[in-house]
């Protein structure tokens, strides 16, 4: 009975999507890094720190075979670092 069921009533299968996808932390890191340049000094500092942290998490997640965004996360970390320096300068001066 089991073989009959499999043969005549196959299980509907969804198409498999094997493409690698960007991780959410890498996308959020880029967004936070870019936003850190357009908001006030206090929020810029917070967003720049968040960009560095999320970028680091994105790099770690990009080590998985089905996840992309390692380079994007590294760029976000560098941009977040620049954002931290600029936010500190804006807070001081």
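Of 40, 26, 73, the sequence from fewest to most neighbouring Cβ atoms within 10 angstrom is 40, 26, 73.
Taking neighbour counts of Cβ atoms within 10 Å as a proxy for exposure, in what order, fewest first, do 19, 90 appear? Show your work: numbers first, answer last.
Numbers: 19 6, 90 13.
With the fewest neighbours first, 19, 90 line up as 19, 90.
Rounded to 0.05, the FRET efficiency of the residue 93 and residue 19 pair, given R0 = 35 Å and the Cβ-Cβ distance, is 0.15. Global dimensions of the range 22-92 from alpha-carbon coordinates: Rg and Dmax equal 11.9, 44 Å. Using Cα pairs closer than 8 Å and at least 6 residues apart in sequence, work out the relative contact order for the range 22-92, in percent. Relative contact order here is 41 percent.
A short reminder: the numbers here are calculations on the coordinates, not readings from a lab. Nothing here was measured: the structure is a model prediction, and the numbers come from that model. Heads up, the Cβs are rebuilt from the backbone with ideal geometry, glycines too, and the neighbour counts pull from every protein chain shown.
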